[in-house]
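To keep things clear, I will list the structure first and then write my remarks on it.
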Amino acid sequence: MSFSTVYFSPGPVANRPFKPAMNAITRCLDTYWSSSIGKKLIVAITGLVLVLFLGGHMTGNLLVFMGQEAFNDYAQLLHHLLHGAGIWIARIGLLVAVALHIAATIALTRQNKAARKAYEYQATIQASKSSRIMIWTGLTILAFVIYHLLHFTVRAGNEYNNPALYTDLAYKAATGDYRQNAWKMVIDGFSVWYVVLFYIVAMTMLCSHLSHGVGAIFQTLGLRSKKSASAIDLISKGYAAVIWIGFVSIPIAILCGYGR
């Protein structure tokens, strides 16, 4: 055996246990993603995260009706959570959840379509049509989320970063500190009719998605039975209606003159 064979084996010794572990994790994740059960669980769990987020987000947005101070206090709390890191953790987590939700749903639909046979029952064909509608509503919602982030987070195409226009003057007079007037941003943003129209269409798509999706979450997680099916369907439709009314009430009220 040569000197080089003994003392110059390829790769650092410290990396040897790490690589098999990473390979095992990669294989496990690949197997999980390849299975229909794994993808269904991903859709259900990410869907649950997004459903809970919608309820909290709607509740916070409704503070706009309590006036400028209350809404700006809420916006300031969000932006200073965990020294400013909290809101970015939430944003990145939500974007990951949306991306996984859409990717898993599309993959499931393709998998089901490939497995479909000519002698399927009509009920199965109808379910497939609903799935296709869910994908299109989901993609519409994704387009709205991107627009919403560009509008209020990146603030592209507007002057929301201009302190001369969007400073909370009452807060500055009381404390001497600067904070952005998020309430005025919302009022100005929904003072344009085509923005309101796009928002209402997106919310309608979202709630159509929710009315089916919430029930599907219960079913995937094994919480739906023959006895509970009607109650779960009622919960799904009721939650979708509450979300729709809560979100849509804000732009309609502003377009009708609230806050302007």
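What ³J(HN,Hα) values, in whole Hz, does the Karplus curve 6.51 cos²θ - 1.76 cosθ + 1.60 give for region 237-250 when θ = phi - 60°, with x put for Gly and Pro?
5, x, 5, 4, 5, 5, 4, 4, 4, x, 6, 6, 4, 5
Please quote Rg/Rh for region 206-260 to two decimal places, taking the Kirkwood radius as Rh and restricting both calculations to Cα atoms. Walk me through the numbers before you get to the answer.
Numbers: Rg = 15.3 Å, Rh = 12.5 Å.
Rg/Rh: 1.22.
Would you check the accessible area of Leu48, probe 1.4 Å, heavy atoms only, in square angstrom rounded to 10?
About 70 Å², ignoring ligands and nucleic acids.
Sorted by packing (mean other beta-carbon atoms within 10 Å per residue), highest first, where do 178-184, 51-57 land? Please report the intermediate quantities before stating the final value.
Numbers: 178-184: 19.0, 51-57: 14.3.
Packing proxy ranking, top to bottom: 178-184, 51-57.
The values are calculated or read from the model by the stated rules, or taken from the named source; none is laboratory data. Not measured: the values here are computed from a predicted model. We place every Cβ from the backbone using ideal geometry, glycine too, and count neighbours over all the protein chains shown. To get the accessible areas, we keep the full protein, side chains included, count just its heavy atoms, and leave off ligands, DNA and RNA. Shrake-Rupley method; radii C 1.70, N 1.55, O 1.52, S 1.80 Å.
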